[in-house]
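Enquirer: Right, I'll just put the structure down here and ask away after.
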Amino acid sequence: MSNATSGTVDTATEIRPYRIEIPEERIEDLRRRIATTRWPTKELVQDRSQGVQLATLRELARYWTTKYDWRKCEKRLNALPQFTTEIDGVEIHFIHVRSRHENALPLIMTHGWPGSVIELLETVGLLTDPTAHGGKAGDAFHLVLPSLPGYGFSGEPTELGWDASRTARAWAELMHRLGYTRYVAQGGDVGALVTDLMGRQAVEGLVGYHLNLLTAVLAIGDQLPKESDQERAAAKALATFREDGFGYFLEMATRPQTIGYALLDSPVALAAWLLDHDTDSYYKISRAFVDGEPVGSLTRDTILDNITLYWLTGTAASAARSYWEDGRALAAALASGQAPPAVTVPVGFTTFPGEIWAAPRSWVEAVYPGLAYFNEVDRGGHFAAWEEPALFASELRAAFRSLRST
């Protein structure tokens with residue numbers, strides 16, 4: 001935007017087109033590093049209880065170096081409208097696809113860890129152009145897919161304080177810059193935390209949001225009801241996560257720099273770290289590589305698109321630091337003893353059966369007493385948009401239908 005009096009150009013809020021161009025030598029270096037991996041011996045158990053299994057990672061590495069083509073992913077991303085803009089000192093990368101349908105509802109959708117915008121790509125056409133996929137024009141969205149600070153092609157924070165609440169404020173600023181005065185939001189994993197905080201901060205323009213992970217469980221899980229079979233199953237899943245699936249979370253929340261050295265130096269270490277997230281997703285990914293049986297869009301190529309994105313951008317350590325920031329923010333909130341601000345906009349929630357803890361309606365209503373939409377679906381897990389994009393898109397259409405402007 002021009003400054004009429006001085007003739008200078010103010011670039012503080014400028015939105016710039018972005019194109020990915022990875023030098024070939026970096027891809028060759030990736031293959032060389034994979035080829036020179038120093039492998040451990042096989043695990044001493046028949047399941048994943050000791051971590052990512054050797055057979056899974058060996059097959060992943062073989063495919064990575066012999067069949068996988070990053071350029072296909074690069075071309076796919078570059079075919080979408082990508083941009084960057086500086087917000088609060090950090091360069092934010094985002095995909096912005098405007099629907100061809102005039103009355104589309106603006107939607108900002110946030111990925112999580114160990115994901116990226118890659119996990120949301122299959123939903124782009126479904127959400128922005130529903131009529132091309134058997135849907136109605138009245139279900140269309142203008143779609144904004146930002147990369148979290150320190151993730152993917154977004155810049156890396158160089159100062160402390162970039163927790164999810166700061167990202168929530170940054171997303172509100174992003175939507176303001178794009179000219180959206182009325183919009184909705186969606187998130188899973190870290191994205192669910194960011195999206196929920198947008199609601200609790202009552203950011204300007206947000207009229208409702210949808211989640212597929214109940215992050216509040218980490219703070220108040222012990223206080224939630226455990227009377228029904230479904231509630232007890234969710235409580236058991238949460239207990240299992242805390243006892244046996246919490247390793248990656250604890251390491252990144254306490255020592256992100258330490259694990260960062262391995263993640264930035266060894267692509268196989270990075271792949272193992274990103275795969276070792278939750279039991280349901282791990283076995284689905286393992287089957288895709290070992291047995292050639294992918295689940296939905298969670299294929300060998302898209303899984304490697306995501307891992308390769310982390311590698312080529314060198315963001316594994318900065319992404320891990322986001323857990324350190326959020327861990328401290330959560331500890332401070334719990335220590336204060338104050339309840340979080342109430343949510344004053346409609347909230348929708350979908351429970352996918354393979355989620356780390358499949359939240360029953362009673363748990364969701366305990367967190368959101370005025371719950372506007374709830375559904376339990378019959379398939380899908382932690383990476384719901386990635387795994388089951390059509391089902392995921394249909395849930396968003398249903399959750400936000402009542403919020404569309406007339």
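The values are calculated or read from the model by the stated rules, or taken from the named source; none is laboratory data. Here the structure is a predicted model, which is why all the values come from computation and not from measurement. Because the Cβ atoms are built from the backbone with ideal geometry, glycine has one as well, and the counts that use them run over all protein chains shown. These accessible areas exclude ligands, DNA and RNA; they are computed on the full protein's heavy atoms, side chains included. Shrake-Rupley method; radii C 1.70, N 1.55, O 1.52, S 1.80 Å.
Enquirer: Does the chain classify as rounded, prolate or oblate by the C-alpha gyration tensor (a ≥ b ≥ c root eigenvalues; a/c under 1.5 gives rounded; else a/b over b/c gives prolate, otherwise oblate)? Don't skip to the answer; put the middle values down first.
Expert: On the way: a/c = 1.39, a/b = 1.10, b/c = 1.26.
Since a/c stays below 1.5, the shape of the chain is classed as rounded.
Enquirer: Could you calculate the FRET efficiency of ALA339 with ARG242 from 1/(1 + (r/R0)^6), where r is the beta carbon distance between them and R0 is 22 Å, rounded to 0.05? Please report the intermediate quantities before stating the final value.
Expert: Details: r = 23 Å, r/R0 = 1.03.
The pair ALA339/ARG242 has a calculated efficiency of 0.45.
Enquirer: A further question follows. Given the pairs LYS72/LYS136; LYS42/LYS67; LYS236/LYS284; LYS42/LYS236, which span a C-alpha to C-alpha distance of over 26 angstrom in this model?
Expert: Details: LYS72/LYS136 30 Å; LYS42/LYS67 24 Å; LYS236/LYS284 21 Å; LYS42/LYS236 30 Å.
Correct reply: LYS72/LYS136; LYS42/LYS236.
Enquirer: Can you give the calculated 222 nm mean residue ellipticity of the chain, where each DSSP H run of n ≥ 4 adds -39,500 (n - 2.57) and the sum is split over every residue, rounded to the nearest 500 deg cm²/dmol? Mind showing how you got there, number by number?
Expert: Details: 17 runs with 181 residues, N = 406.
My calculation for the chain gives -13500 deg cm²/dmol from helical runs alone.
Enquirer: In the chain, carbon and sulfur make up what percent of the accessible area (probe 1.4 Å)?
Expert: Working: 9170 of 17890 Å².
With neighbouring chains kept in place, the figure for the chain is 51 percent.
Enquirer: Right, another one. Pick out the long, greasy-scoring helices in the chain: whole DSSP H runs spanning 30 Å or more along their own axis by Cα, mean Kyte-Doolittle at least 0.0. Walk me through the intermediate numbers first.
Expert: Details: long enough: 316-336 (31 Å, 0.13).
Helix filter hits for the chain: 316-336.
Enquirer: So, one more: Shape of segment 144-215 from its Cα gyration tensor (a ≥ b ≥ c, root eigenvalues): rounded if a/c is under 1.5, otherwise prolate when a/b > b/c, or oblate?
Expert: Working: a/c = 1.64, a/b = 1.22, b/c = 1.34.
Here segment 144-215 falls in the oblate category.
Enquirer: Would you please classify the overall shape of segment 162-273 from the alpha carbon gyration tensor, given that a ≥ b ≥ c denote the square roots of the eigenvalues, rounded means a/c under 1.5, and beyond that prolate means a/b larger than b/c while oblate covers the rest? Let's see the in-between values first.
Expert: Values: a/c = 2.62, a/b = 1.17, b/c = 2.25.
It is oblate, given that a/c is not under 1.5 and a/b is not larger than b/c.
Enquirer: In addition: Ranked by accessible surface with a 1.4 Å probe, highest first, in what order do LYS67, LYS226 come?
Expert: Working: LYS67 125, LYS226 75 Å².
Result, largest first: LYS67, LYS226.
Enquirer: For segment 137-199, which trypsin sites (Lys or Arg not before Pro) are both in a DSSP coil and crowded by at most 15 other Cβ atoms within 10 Å? Write out the running numbers ahead of the final one.
Expert: Details: sites: ARG166, ARG169, ARG177, ARG182; in loops: ARG182.
When the trypsin sites (Lys or Arg not before Pro) of segment 137-199 are filtered for loop state and at most 15 Cβ neighbours within 10 Å, ARG182 remain.
Enquirer: For LYS75, list the aspartates and glutamates whose Cα falls under 12 Å from its own Cα; do not include residues on the same chain fewer than 8 positions away.
Expert: GLU21, ASP305
Enquirer: With every protein chain left in place, what is the accessible area per residue of the chain in square angstrom, probe 1.4 Å? Don't jump to the answer; show the numbers that get you there.
Expert: Numbers: 17890 Å² over 406 residues.
Accessible area per residue, the chain: 44 Å².
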